[in-house]
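The structure under discussion appears below in the form of structure tokens.
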Amino acid sequence: MSRPTIGGPYRVSTQARTIEVRVKPRSGTSRLLPAADGKWLAQLKSAPVDGKANQELIALVAAQFGCSKSAVSIRSGLSGRVKLVRIEAG
């Protein structure tokens, strides 16, 4: 069994981006805004209960960066207000 080559039917990409996001749950609107210091501010309608705010954050980041939700993961800060979010290139 041979391995796929780059340029073949498979596309191999190792680029990923990590952003720091400060989360404000229970906001009136859901939006993701860039801050002046290069970080991001996420205003979420969801409360931080049962992971709902984290799910909403993943959906917002995916929409902002034009990728699928499966390409977005929270690397640290699952229960905190400051999170490191990884976005896989694809």
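Collect the residues in region 79-90 that are more than 9 Å from the chain's Cα centre (by Cα) and within 13 Å of Arg22 (Cα to Cα), keeping them in residue-number order. Listed by number, the residues that qualify are Ser79, Gly80, Arg81, Val82, Lys83. Among the residues making up region 33-61, those that are without any contact (Cβ under 8 Å) to a residue 12 or more places away in the chain and under 11 Å from the mean Cα position of the chain (by Cα) are Gln55, Ala59. Just one of (1) small (Gly, Ala, Ser); (2) at pLDDT 95 or above; (3) over 13 Å from the mean Cα position of the chain (by Cα) fails for Ser76. It is (3).
A single member of Ser73, Ser46, Ser68 is under 11 Å from Val23 (Cβ atoms) and of a type outside the set (D, E, K, R), and it is Ser46. In region 42-58, which residues are loosely packed, with under 14 Cβ neighbours inside 10 Å and among the hydrophobic types (A, V, I, L, M, F, W, C)? Passing the criteria: Ala47, Val49.
The values are calculated or read from the model by the stated rules, or taken from the named source; none is laboratory data. On a predicted model such as this, the values are computed, not experimentally measured, just so you know. Ideal geometry is used to build each Cβ from the backbone, glycine not excepted, and the neighbour counts take in all protein chains shown.
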